Every structure is written in structure tokens, then in C-alpha cells.
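In what follows, a single structure is set out as C-alpha cells and then discussed.
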Amino acid sequence: METFKSALLPPHVINISDLRAMAKRRLPRAIFDYLDGGADDEVTLRENERAFQDIILRPRQAVSFRECHLGVRVLNHDVSLPLLLAPVGYSRVMHPGGEVAAAQAAGEFGTIYILSTVSGHKMENVKAAAKGPAWFQLYLVGGRGAAEAGIDRARRAGFDALVVTVDTPVAGMRERDPRNGMRQLLGKSLFAKLPFLSEIMAHPRWLAAMFADGGMPQLENIIVPGQGPMKLMDVGAALAQSGVEWADLKWIRNIWTGPILLKGILTADDAKRALDEGCAGIIVSNHGGRQLDSCSATIRALPEVVAAVQGRMEVLMDGGVRRGTDIVKAICLGAKAVLVGRAYAYGMAAAGHAGITRALQILRDDVARTLHLLGCPSIAALDASYVEFPQSWKR
Ligand SMILES: Cc1cc2nc3c(=O)[nH]c(=O)nc-3n(C[C@H](O)[C@H](O)[C@H](O)COP(=O)(O)O)c2cc1C
């Protein structure tokens, strides 16, 4: 197996876009596009990043301090930066280290890793690698029986919170996947794979690592009663079975007594409902533009949700975070912390553990520099007075 720490990164890798370019070179197109792409016309995917540009920073000049304090407390955990690693399904297909490498890098960095249900590594190994807090993200793939077994395992493994993703009643139409033959590549039939094999062969580093890792992984955390671990399947087929309804929360609450966060909230009404259901937090998210296209960029939805919640539960956000300034802007608009998905996954796909670590370092240095330039000594001191944003975002 490619070791989790071995890959060296050239010094010219200075931003997330550089890691994306490296990932694009290493991965076969189908895998890169699975990571990079979004739903339909990818309007929301693009808007998630672009909308940050509508926020203008308002620096306080001639303010000097030696160090700035980047830590925050998220759900009773002190983290070194207001940044968590979002659940990214099928990470082990991008790099053998996958979820274990990501959990390890997050722990070393002093932050929280959120493990996807659709993971190629066993959750017990991921939790052990995290060394610190880790949360488990729940899809109902495989039905309630499989979900109950998964939640029970997560509790016994010591996961600290459950993240229930609520924006996947069906899979979004990620058009790049069928064009690239994702379903055929993950399926059993060699014949069906034939048209796509030349593209795979053109990426020998990825292919060799995949073979050394034992081939396509199974979904180790979805044990269907009487059937064993679920086979890797096309993400559309997986998500088609994973819809969560409000009523399911009561059932989940009976088997998970720890904190629950809902991921995929975009409106004040749903945020209030989550509060009424006793959730400990919500994640303002549109699944990185991979589900409903043309829904709001998440940074744009954030002020409405923050105003509705009024500090009564944790509000996190994700979507389009590629720069330290994005993180600072989200905090100014009221998020406790952000999640990053692609930003670390590009690093993982490019170089495993070393790539994830580089992504986190880039973002941490960015945030520290931004605070200095903004004249703000700490994340805790950030507020709306440091930004100007379109008033239409407030509802
Ligand atoms: C390749 C990929 C796989 C993902 N898998 C999951 C998943 O299994 N569960 C989930 O709740 N969200 C999943 N997401 C969404 C992320 O958790 C997160 O909401 C999104 O990536 C944030 O946008 P960003 O990539 O622009 O940071 C996935 C995103 C990507 C890019």
C-alpha cells in the first residue's frame, strides 16, 4: 500500500487549486469527476465558491499583535481552527489511505473528522486513527436494520456525535458520472468496463495503489443483516435508498443518545424544526452542489439560518470553502466553524495523508494571515462589523 505519509509535495503547491490540479493528474477521469463535479448544470457548485466574493472585508488598520488565536469550541470540543473535515464518501477509492489518513491528519491538526457512512475503511480503524474527536455521518443506505447496526458500532467505537444528512431523498443528477461510466467501473461486469479501461490504464500510479490495496473496497460500515458488508455501488443507487424524514429522528434518538447534528439545512424554517427536534447543531449545506442544483449558495443562506437559531444551537456551514478568507467570512456571518470537503479531498487524492495535511496547513496559514491583515486578534473576536454583505441575504 502507498504509505499514508510518504508522498512528498512540491513546494509550489501553495493553494487548494494547486492540490486540485495534482489530483486531476493522478486520478482517472471518472474518479476525479466524482470528486470535483456537481449536479445538473453545476450552478450551485459554482455559486458556493463565487458567493464568497460578494462579501467585502473591512480591515481595522494600524493594529498590531504577535499571534492570533485560531481555536474555537465546537460541541464541547476545543479545535485548533474553526474547520472540520466533512464526510466524503468513497475516499478510499481516491487514495488507499482514504478515511483513515483523513482522520489521522485531522487529529494531528487538532480538529474533528466526520466519517461518511459510505466508507471503504472500517469505522473502528478510522476512530482509532483520529486520536481525537470524530463524528459519524449517517445515511440510511441498506435500510433501517443496517443503519441501526451502524449506529451501534459507531457508539461502541467512541464516535462523539451523529451527523444525519437530510438533503438526499434521492441522488442529485451528477451528469459527469454516467458520462464517465462510473456505474460500470464500480460494477462486476468486466465487459461493461471495457470502453472505460483505456482511461484507467492511463493513470498507472492510481491503478497500482488500488491493486496494492486489494482492489475496489467494500462499504465496510454498511452490514446488511444476513448479507455482510455492502458492495461498492454507484453513488446514485446508494443514495436512492437513503432518504431521511423528520419522523426518523425519533427512531434515531432512541438508538443514539449522544448529540445529533442535521446536515443539509438551508432555510430558517428547517433550522427551527431541527431546534424543536432537540438537535445539538445544524450544518448549513447543499452537499457541495451535488444534490439540488440552483438552490442557494450556502454562505448566502447562512445569515437567515443564524438569525432563526439565535445562538440556541451550533450552526456550522460548508460549501465552496477554498481560502482562509472564506472561513473568516463564514465566521463573521455567524457560523461557529466550517466544514471543508473538496479542499482536503483534493489533497488526499493527490498525495494521501501528506496532501490532506498540506491542505489543512494552507488553510490555517491563510486564516492567520487574514486575521492579521484584518486587524482582528482572534476567531472569537470576529463579527459582522468586519464584513459588508448584500442585505438581501437577510430575510
Ligand atoms: C466526493 C464527495 C463525496 C461526498 N460524500 C458525502 C457523504 O458521504 N455524506 C455527506 O453527508 N456528504 C457528502 N459530501 C458532501 C460534503 O460532506 C460537503 O457537504 C461538501 O463537500 C462541501 O462542499 P465543498 O466540497 O465545496 O467543501 C460529499 C462531497 C464530495 C465532494
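The values are calculated or read from the model by the stated rules, or taken from the named source; none is laboratory data. Not measured: the values here are computed from a predicted model. Quick reminder, even Gly has a Cβ in these numbers, built from the backbone with ideal geometry, and neighbours come from all protein chains shown.
Where the second residue is surrounded by 17 or more Cβ atoms within 10 Å (Cβ to Cβ) and the first is on the phi > 0 side of the Ramachandran plot and lies in the range 371-393, which pairs have Cβ atoms under 9 Å and are six or more apart or on separate chains?
GLY375/TYR386
Scan the range 282-292 residue by residue and report those that are farther than 21 Å from TYR346 by Cβ and surrounded by 21 or more Cβ atoms within 10 Å (Cβ to Cβ).
Within the range 282-292, ILE282, VAL284 qualify.
Only one of ALA147, ALA192, ALA105 is outside any strand (DSSP E or B) and either within 14 Å of the ligand (Cβ to nearest atom) or of a type in the set (Ser, Thr, Tyr) (or both). Can you tell me which?
From the options ALA147, ALA192, ALA105, the qualifying one is ALA147.
Yes/no per residue for (1) in a loop (DSSP other than H, G, I, E, B); (2) surrounded by fewer than 12 Cβ atoms within 10 Å (Cβ to Cβ):
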{"position": "LEU185", "(1), (2)": "no, no"}
{"position": "PHE196", "(1), (2)": "no, no"}
{"position": "GLU199", "(1), (2)": "no, no"}
{"position": "LEU207", "(1), (2)": "no, no"}
{"position": "MET210", "(1), (2)": "no, no"}
{"position": "GLY215", "(1), (2)": "yes, yes"}
{"position": "ASN221", "(1), (2)": "no, no"}
{"position": "GLY236", "(1), (2)": "no, no"}
{"position": "GLY243", "(1), (2)": "yes, no"}
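If you go through the range 122-141, how many residues are at pLDDT 95 or above and more than 17 Å from LEU162 (Cβ to Cβ)?
The qualifying residues number 4.
Where in the range 1-93 are the strands (runs of 3 or more DSSP E), entirely inside, with at least 3 residues that are among the aliphatic types (A, V, I, L, M)?
It comes to 83-85.
Within the range 81-107, track down each residue that is out of contact with any helix residue (DSSP H, G or I) (no Cβ under 6 Å at 6 or more places or on another chain) and hydroxyl-bearing (Ser, Thr, Tyr).
Listed by number, the list holds a single entry, TYR90.
Taking the range 59-102 on its own, how many of its residues are of a type outside the set (A, V, I, L, M, F, W, C), within 15 Å of the ligand (Cβ to nearest atom) and touching a residue at least 40 places away in the same chain (Cβ under 8 Å)?
Going through the range 59-102 one residue at a time, the tally reaches 8.
Do we find a residue being over 19 Å from the mean Cα position of the chain (by Cα), over 29 Å from ARG290 (Cα atoms) and either in contact (Cβ under 8 Å) with a residue 40 or more places away in the chain or buried (at least 20 other Cβ atoms within 10 Å of the Cβ) (or both) anywhere in the range 43-58?
Checked the range 43-58: at least one residue is over 19 Å from the mean Cα position of the chain (by Cα), over 29 Å from ARG290 (Cα atoms) and either in contact (Cβ under 8 Å) with a residue 40 or more places away in the chain or buried (at least 20 other Cβ atoms within 10 Å of the Cβ) (or both).
Name every residue in the range 151-167 that is in contact with a helix residue (DSSP H, G or I) (Cβ under 9 Å, 6 or more places away or on another chain) and either in a strand (DSSP E or B) or at pLDDT below 95 (or both), in order of residue number.
Those that are in contact with a helix residue (DSSP H, G or I) (Cβ under 9 Å, 6 or more places away or on another chain) and either in a strand (DSSP E or B) or at pLDDT below 95 (or both): LEU162, VAL164, THR165.
For PRO133, indicate whether it is within 16 Å of the ligand (Cβ to nearest atom), within 22 Å of LEU261 (Cα to Cα) and more than 15 Å from the chain's Cα centre (by Cα).
Answer is no for this residue.
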